[in-house]
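What follows is calculated from the coordinates using simple rules that are stated; it is not laboratory data. These numbers come from a predicted model, not from an experiment. Positions of Cβ are generated from backbone atoms using ideal geometry, with glycine treated the same way; all protein chains shown enter the neighbour counts.
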Amino acid sequence: MQRITITIEDDLLAEIDAAAEARGYQNRSEIIRDLARAGLQQSTEDTAQTGQCVAGLIYVYDHAACATAAW
């Protein structure tokens with residue numbers, strides 16, 4: 001494991017600290033690692049996903065016309 005240095009705004013760090021406390025993390029490193037993993041996973045899923053696919057099929061069949069037609 002490597003040690004890095006990052007700069008985070010005070011407000012964002014306060015949110016991270018509050019989330020870490022609420023979720024029972026022992027330190028900032030643990031929650032930042034988990035948040036980074038979740039962000040990377042979501043980014044990968046967003047890239048792989050092309051969006052929702054919706055289709056509709058409407059078929060109109062005239063029974064009377066087909067019954068009288070000579071095939």
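Brief remarks follow.
- Cβ-based net charge around Glu9, under 15 Å, with every Lys or Arg adding one and every Asp or Glu removing one: -3
- Cβ-Cβ FRET estimate between Ala22 and Gln52, R0 fixed at 35 Å, reported to 0.05: 0.60
- On the basis of the beta-carbon distance and an R0 of 25 Å, Glu15 and Thr44 show a calculated FRET efficiency of 0.55.
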